[in-house]
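Structure first, then comments.
What follows draws every value from the coordinates through simple rules; no lab data is involved. These numbers come from a predicted model, not from an experiment. Please note: Cβ atoms are built from the backbone with ideal geometry, for glycine as well, and neighbour counts cover all protein chains shown.
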Amino acid sequence: MADWVWSNVVVALLLMGTGGVVFYARRSRMWTETFSDLWRRRRFAVLVIGFYVLVALLDSVAWVGGMDQGEDTVARYEAQSILDRLFAGSQERSYSAPFADVEFYGGAPLTHPGAHILGTDLIGRDVLYLSLKGARVALLIGGLTSLLAIPLALLFGISAGYFGGRIDDVVFFVMSTLASMPGLLLLIALIMVLGKSTVAVCFALAITGWVGFCRVVRGETFKLRELEYVSAARALGVSEFGIIVRHILPNLMHLVIITFVLMFSGLVLSEAILSWLGIGVDGSWGQMIDQARNELSRDPIVWWNIVSAGLALFGLILAVNFVGDALRDTLDPRTLRETE
Amino acid sequence: MTALLEVKGLTARFPGPGEGLPIVDGVDFHIDSGEVLALVGESGCGKSMTALSLMRLLPKPGRIASGRVRLGDEEVLSMSVNAMRRVRGHRMAMIFQEPMTSLNPVVRVGKQVMEAIRLHEDVSRSAARLRSLELFSEVGIPDPEARLDAYPHQLSGGLKQRVMIAMALSTRPELLIADEPTTALDVTIQAQIVRLLRDLQRDRGMSILLITHDLGVVNELSDRVAVMYAGRIVETGSRQDIFKRPRHPYTRGLLRSNPALAVPGERLPEIQGVVPSPVEWPQGCRFSTRCSEVFEPCRIDVPQTTNLGEGHRCDCHGVTSSTNSGDGA
């Protein structure tokens, strides 16, 4: 099946999943309280993240055809997202500064004078359009990689910490081995092997990224399994699996949330580094920054590419960190403030 | 009356020289149904390890080396892991010393009690909640409805211990093992918890193995007492026997050093010396290094159990020789 069909399916599943989670969470006082608290304290950050998610969704729902492509015969058979359609035909044949009325560097005259709020890039693409396109890539990298790395770290960390002995030795050996390789080189090697697709990059980032969190989980589990409520649960006849699910895992949730947030922003940033090395994901902000790097030496200076991409990146990461911080304050009962 | 729990020659070892250190060394006792047995002794004498051995929850690297534990008509030590899990909480429940850390801090207490119920019984969520509510009022938690939704950190130590008791009672166990249930609480709360345990025991007719070093609690709650020293039970008997007619020098020392019996203005009598650590346990009678009535055989042979009648038993060379000579005369 074509990529765009999958993308639509994923969007549908995500929306359904979110609906389900909201439906379930509405009945749980803890989550409604958490969210109302978050909303009260970090409204702006939540809205910013919401905006990024919306843009990413607009960029994910795609279908073929339905547009007048003019002479362009290739685009006729390519799927285009809602976002693509909104910015259709905004291609220029020259550089232009934000809100420019005239062309830059002697290209052809502008087709849409003054319409490029953030200007255009070297090959005449609208910078606003590119910056918005980057949101989907960033969320995909941050989200997918965390979704791969965190369960991996939890699985290995909890089994090592809880069961100890042989299992712990094996897990620790794997962790030490991974940690002893230079991260960037390992990343590059993995991407060379796996290919340069978005999923492959996520995979590579996950494989190099789970070790740190795994170590934290292992240590925390060591601590938790000695606590009296775990002995009490055992004395009540709870199975090992039950203890892990009901007593260990919930007490790691605040770590999961903090890690998810830090990892998310860290991953979006490391993708930028990968792009700088030329092995990033197509259409990411990192790639935009990489391409705009050389433009900084032009005269007059071309600043709008790098600033747009940088601000888009900065905005997302700042908002995510704010929200993560607030979530930690609310969800960790050890820092629980009296809300009632 | 048949014994609900019968423990014979229970030995638990931790890694050490030779076969390992016998932290619990050949312990024998039994608990009848509806009876409260107090297991008394100084810190480190193996009380808690005995209790954990009964539940087969001995912390690693400890292991049960030998002995038999019979609960009802089942042999606990030879049960499969799954069968054991059904016994825990269902037939034998345990409450711990530290109510502060015995509840999961991120789960509402009501939910924790409900889970304990649903673990052993196939009941619906709402039925379990109703049962938890009943249990909460039964253990004297004020405003139980609201307390069900509280997090552990919102409750006081006494309330937490009540929640622990409610949880332990949730499946109507035949035997409740209370490991120093009052030690971490302040005195007024201790009295309340002791009264609560006594009332619950009477109402439900369950057996309690009470582990404590607080003789006041023992006097208030127990039917029979077992005194433990350095991994062995040195004297067993009814409460009256132990408190009124103690025979073992260690028991007598313990009772003498009870602050409640102190004469004002006089120095509180104490047992000389400290409990020897398991690596330096003496040969023969383990109390011989601190005993004021020690004589030659004490340092050589392990004392035999002397039956003093009506379940009063004592492991002491002094008692053995005096009883024998008494018989002879």
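Amide H contacts for B:Leu4 (H built 1.01 Å from N in the peptide plane; partners 5 or more residues away or on another chain; cut-off under 5 Å): B:Ile31, B:Asp32, B:Ser33. Pairs of lysines in the protein assembly as shown whose Cα atoms sit within less than 29 Å of one another amount to 13, provided the residues are eight or more positions apart or on different chains. Computed from the C-beta positions of B:Glu145 and B:Thr183, the FRET efficiency with R₀ = 25 Å rounds to 0.25.
Under a 5 Å amide H cut-off, with hydrogens placed 1.01 Å from N, B:Ala65 pairs with B:Thr11, B:Ala12, B:Arg13 among residues at least 5 apart or on other chains. When the Cα atoms of chain B are aligned to their principal axes, the ranges along those axes come out at 69, 52, 38 Å in descending order. Percent of C-alpha pairs per 10 Å bin in segment B:44-132, short distances first: 14, 38, 33, 14, 1. Computing Rg and the Kirkwood Rh from the Cα coordinates of segment A:206-268 gives a ratio, Rg/Rh, of 1.08. If R₀ is 56 angstrom, what is the calculated FRET efficiency for the pair B:Leu268 and A:Val22, using the beta carbon separation as r and rounding to 0.05? Efficiency at R0 = 56 Å is approximately 0.30. If you bin the C-alpha pair distances of segment A:133-339 every 5 Å from 0, what whole percents do you get? It works out to 1, 7, 13, 15, 16, 14, 12, 9, 6, 4, 2, 1, 1, 0, 0, 0, in whole percents.
Using only Cα atoms, find the angle between the long axis of helix A:29-41 and the longest principal axis of chain A, and express it within 0 to 90 degrees, rounded to the nearest 10. Between helix and principal axis, roughly 40 degrees. Largest mean-square fluctuation among B:Arg68, B:Arg256, B:Arg162, in a Gaussian network model of chain B whose springs join Cα atoms under 10 Å apart, belongs to B:Arg256. Taking the C-alpha atoms only, the angle from helix A:253-276 to the longest principal axis of chain A is near 30 degrees. If you fit an axis through the alpha-carbon atoms of helix A:3-27 and take the longest principal axis of the Cα set of chain A, what angle between them do you get, 0 to 90°, nearest 10? For helix A:3-27, the angle is close to 50 degrees.
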